[in-house]
Every structure is written in C-alpha cells, then in structure tokens.
Amino acid sequence: MRGRFLSASDRGFVLSVAAVESRRGDMLEWKGETVTVPGEFVRSMEERHGATGKTVLLAGAGLAGFFVAYAAFGPGVGGSTPGGAGGGGSPR
C-alpha cells in the first residue's frame, strides 16, 4: 500500500491511499481515499523526504538560466517606439 500518512489512532494508521500492490506485483491506482489500517497488519513503513541539496541546486540553475537569457535578449519588447516619438496623426 502506498499513500500519505495522515495520523495514528488507537485503531491503527490513517492513510490517504495512492496505490495498492497485489501479491503478484500488479499496481492498482487509488484516488486518495482515507483508510485506517490496523497496526498488527503493518509489516514495515518507509518515509521519504525531499532532497534539500538537489532542490537548491535546481533553483539556482533555473535562476542562473533566467539571468543568462535576460542578458542575451534584453528586457523584452516595450510598448513605445524608439526615440519616444509616437505615431500621432496621419501623414499628409
């Protein structure tokens, strides 16, 4: 069973289930239904955490890429014409 741990109660562990794996290895997707699993049925639990170092590295690379693109292409297209002259009236 794969899912998000919500809480522990006197009846067992409360999970928001994402998938269930059968004995044959087939994965069945769930949509986050809440299930209470009695503690005696739990053989093992694994906990996953985000990798802080990799997240910081990815954010830094994205920021560096933004600055490189900004330096290469400039601030983008503005709404005025060069020199500040408007396209006022019609030519005669």
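The values are calculated or read from the model by the stated rules, or taken from the named source; none is laboratory data. In this text, all values refer to a predicted model and were calculated from it rather than measured experimentally. Every residue, glycine as well, gets a Cβ built from its backbone with ideal geometry; the counts of neighbours run over all protein chains shown. Surface areas here come from the heavy atoms of the whole protein model, side chains and all, with no ligands, DNA or RNA. Shrake-Rupley method; radii C 1.70, N 1.55, O 1.52, S 1.80 Å.
Odds and ends about this structure:
- Total residues in the stretch 1-41, condition surrounded by 10 or more Cβ atoms within 10 Å (Cβ to Cβ), charged (D, E, K, R) and not in a strand (DSSP E or B): 2
- Test: T52 is polar (S, T, N, Q), open to solvent by 70 Å² or more (accessible area, probe 1.4 Å) and at pLDDT 90 or above: no
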